[in-house]
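The values are calculated or read from the model by the stated rules, or taken from the named source; none is laboratory data. Every value quoted in this text rests on a predicted model; they were computed, and no experiment measured them. Cβ sites come from the backbone with ideal geometry, for glycine too, and all protein chains shown count toward neighbours.
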Amino acid sequence: MTGFLVRRLLQTLVTLFMVTVITFVLCQVLPGDPALARAGSEGASKELIEAARKDLGLDQPLPVQYAKWMGAMLTGDFGLSTRSRVPVTELFAQRLPVTLEVLVFAVIYALALGIPLGVISALYANTWIDTTGTVIAVTGVAMPQYFQGMLLILVLSVWLGWLPASGYVPPSQGLWANLLGMVMPAITLGSVVAAEVMRQLRSSMLEVLGEEYVQTARAKGVSESGVILRHALRNALIPVVTIIGMRIGRLIGGIVVIEVVFSMPGIGQLLMNSVLNNDFPVVQAGVLMVAVVVTLINLVTDVSYMFIDPRIRHA
Amino acid sequence: MTAGAKSRRRIRPSLWLSVAVLAVLASFAVLNTAVAPYDALDIAFTPLEAPSLKHPFGIDHLGRDVFSRFVGGTRISFIIGLASSFFAAAIGSAIGLLAAYFVPLRAFLMRLMDAIWAFPTILLAMALAVSLQPGIVTVIIAVVVVYVPLFARLVYAQAIALLERDYILAARAFGCRPLRLLLTHVLPNLAAPVIVQATLTLGSSIVLESSLSFLGIGIQPPTPSWGVMIQSGYKWLETAAWISVLPGLGIYVTVISFSVLGDYLRIRLDPRQLSGKA
């Protein structure tokens, strides 16, 4: 077990190193010249551009640039945004609460919808209830998220007028308005995870319900709801944990589209704008941060899976 | 398990429907201008006119026939879907095979795949799409890079197990060269899961293309891509919903059809080897 942990940790370190290299290389090939941006615009003299290049360390060989960049990152220095001259960390800190709030609500929505639907579909397998559940799940996966968002806006705000179409209200300016604004982004972002939780739970519930210990529980007179909730569901949820772990990483990617569709001032929108404006430091920091978080979540998922399921521990 | 038999029975009507839908869309993609009643770029009609017999999908905000643009978008979607899942499958399988066979390369290749997989699809595709000239080729490259790790991991996991089999050991003992071994003994046994995954990836790459185009960094207007159409109709949702809702439904139906087809192939070609991960 310790061997597995150590090996998994080492793997993660290697992956993280490659993640930083890829991010670095990716930003090297982004169009636009940061030295030119620093020196002013097109009109700057050659000397001025050269001075800026030297100033930014862009005249040094790539490995040296990489080492310097990595060193700065490790000490938490992500540089200044080339566009607004604000420290990158500050830009992210301002926007993080918005993104986190959407993520948290999306996961809550996914579980609140996915778990009951999964259980019900398994209990009523191959009936119209099950079919309806499958159709909901397939829709969640197959429909592009931005399109789901648009349809929600069309129905819930344009036609029914129940919810604000877009924008973000900070909780300090009204908790209710803030929550109302979260409904559609959370549903849109969470639908894919809800669908996957549902499908996974349906199949693992079906498998567990056929096991002998469930029969035994029934035979010794445990009530039906007790059998389902205490004996079957608890075991059926194990594979669902992995799904959630894997998908949280994917959710973070989906946030870009969601924040653009619902005009929410979060990290996704910041990244989108920075990519369009060639704001290297912001893109670099953002992409790196997200990839690191995803890698760590994968590690945590693997390790927690090992603790939940003893069969893996002893394998 | 009986689930395989059950879904095989259940899948039939939806399978035929999906095949029919894909056949119609594929004919749109191939015949393109022969099917489209008007020029997809021609600003010739009254803007925002509702769907009618003459214009089944209505007119967009600039006065273009939405059905003709829809047909053009089908072509873009199919080109990008087919090309990117083909290249992702080919490159990913090659990497997976190499990593499985050549032990010294293994750690490097598979950790590299992990690293690429750690970047959220949209973010990675965004960064790639912006670094190159916008257009079809760029979108294909971005989608391929994003999905290569999927195939590499799939092929790697299966190939590792295959390489332990007796018949492979026998082939090796007879002095079979690595390339021949991989291509004639290992690869054919992996074809089924790769084909299934490629069919499912077809749908995902069409969604990814449309998302990039929707964000303005994929296919550039006025070229009719479904993502571009949805984006351009976004502002007119209230008064002329057909401009974006119809191409959106197009994507939805296409992706579902590919996934039904993929699920069918999964059961048909290979009931045991594939796990549930898409």
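Being of a type in the set (Val, Ile, Thr) and either within 13 Å of chain B (Cβ to nearest Cβ) or in contact with a Leu (Cβ under 7 Å, 6 or more places away or on another chain) (or both) holds for only one residue in A:Val104, A:Val135, and it is A:Val135. Given the conditions (1) more than 20 Å from A:Val19 (Cβ to Cβ); (2) under 27 Å from the mean Cα position of the chain (by Cα); (3) more than 14 Å from chain A (Cβ to nearest Cβ); (4) not aromatic (Phe, Trp, Tyr), which single one is not true for B:Ser52? Checking B:Ser52 against (1) more than 20 Å from A:Val19 (Cβ to Cβ); (2) under 27 Å from the mean Cα position of the chain (by Cα); (3) more than 14 Å from chain A (Cβ to nearest Cβ); (4) not aromatic (Phe, Trp, Tyr), the one that fails is (2). Of all the residues in region B:85-129, those that are among the small types (Gly, Ala, Ser) and more than 21 Å from the chain's Cα centre (by Cα) number 4. With respect to (1) crowded, with 22+ Cβ neighbours inside 10 Å; (2) closer than 28 Å to B:Val245 by Cα, the lone exception for A:Ser121 is condition (2). Residues that are touching a Lys or Arg at 6+ places or on another chain (Cβ under 8 Å) and within 22 Å of B:Tyr234 (Cα to Cα) were ranked within region A:248-278; the one that is farthest from the other protein chains (Cβ to nearest Cβ) is A:Pro265. Taking the listed residues B:Val71, B:Val30, the one that is away from chain A (no Cβ under 14 Å), of a type outside the set (Lys, Arg), in a helix (DSSP H, G or I) and surrounded by fewer than 20 Cβ atoms within 10 Å (Cβ to Cβ) is B:Val30, with no other qualifying. The requirement of being in the same structural domain as A:Leu100 (by TED's automatic domain parsing), in contact with a Ser or Thr (Cβ under 6 Å, 6 or more places away or on another chain) and more than 30 Å from A:Arg83 (Cα to Cα) is fulfilled nowhere in region A:265-277; no residue meets it.
Taken over region A:127-165, the criterion of being of a type outside the set (Gly, Ala, Ser), farther than 29 Å from A:Gln200 by Cα and either outside the structural domain of A:Met198 (by TED's automatic domain parsing) or free of Cβ contacts under 8 Å to residues at least 24 places away in the same chain (or both) is satisfied by A:Leu154, A:Val155, A:Val158, A:Trp159, A:Leu160, A:Trp162, A:Leu163, A:Pro164. A single entry from B:Ile243, B:Ile230 fulfils the requirement of being within 16 Å of A:Tyr146 (Cβ to Cβ), free of Cβ contacts under 8 Å to residues at least 60 places away in the same chain, over 14 Å from the mean Cα position of the chain (by Cα) and buried (at least 24 other Cβ atoms within 10 Å of the Cβ): B:Ile230.
Could you please find all residues in region A:138-157 being small (Gly, Ala, Ser) and either facing another protein chain (nearest Cβ under 7 Å) or within 17 Å of B:Gly233 (Cβ to Cβ) (or both)? Steps first, please.
Within region A:138-157, the first condition is being small (Gly, Ala, Ser), and the residues that meet it are A:140, A:142, A:149, A:157.
Passing the criteria: A:Ala142, A:Gly149, A:Ser157.
The criterion of at least 2 residues that are within 12 Å of chain A (Cβ to nearest Cβ) and in contact (Cβ under 8 Å) with a residue 12 or more places away in the chain is met, among helices (runs of 4 or more DSSP H) falling completely within region B:105-192, by B:121-131, B:136-162.
Provide a single number: the residues in region B:198-254 that are among the β-branched types (Val, Ile, Thr), part of a loop (DSSP other than H, G, I, E, B) and either facing chain A (nearest Cβ under 9 Å) or touching a Lys or Arg at 6+ places or on another chain (Cβ under 8 Å) (or both).
Count: 1.
Inside region B:179-210, residues that are surrounded by 17 or more Cβ atoms within 10 Å (Cβ to Cβ), hydroxyl-bearing (Ser, Thr, Tyr) and either modelled with pLDDT under 85 or out of contact with any helix residue (DSSP H, G or I) (no Cβ under 6 Å at 6 or more places or on another chain) (or both) make up a count of 1.
Quick check, is B:Ala44 of a type outside the set (D, E, K, R) and assigned to a helix (DSSP H, G or I)?
Criteria not met by B:Ala44.
Say whether the condition of being more than 27 Å from A:Ile267 (Cβ to Cβ) and without any contact (Cβ under 8 Å) to a residue 40 or more places away in the chain is met by at least one residue in region A:114-121.
Looking for residues that are more than 27 Å from A:Ile267 (Cβ to Cβ) and without any contact (Cβ under 8 Å) to a residue 40 or more places away in the chain, one finds at least one in region A:114-121, hence yes.
Within region A:197-216, residues that are free of Cβ contacts under 8 Å to residues at least 40 places away in the same chain sit with their Cβ atoms under 6 Å from residues that are assigned to a helix (DSSP H, G or I), at 6+ positions apart or across chains, in these pairs: A:Ser204/A:Ala236; A:Ser204/A:Pro239; A:Val208/A:Ala232; A:Val208/A:Asn235; A:Val208/A:Ala236; A:Val214/A:His231; A:Val214/A:Ala232. The lone criterion from (1) away from chain B (no Cβ under 11 Å); (2) in a helix (DSSP H, G or I) left unmet by A:Val169 is number (2).
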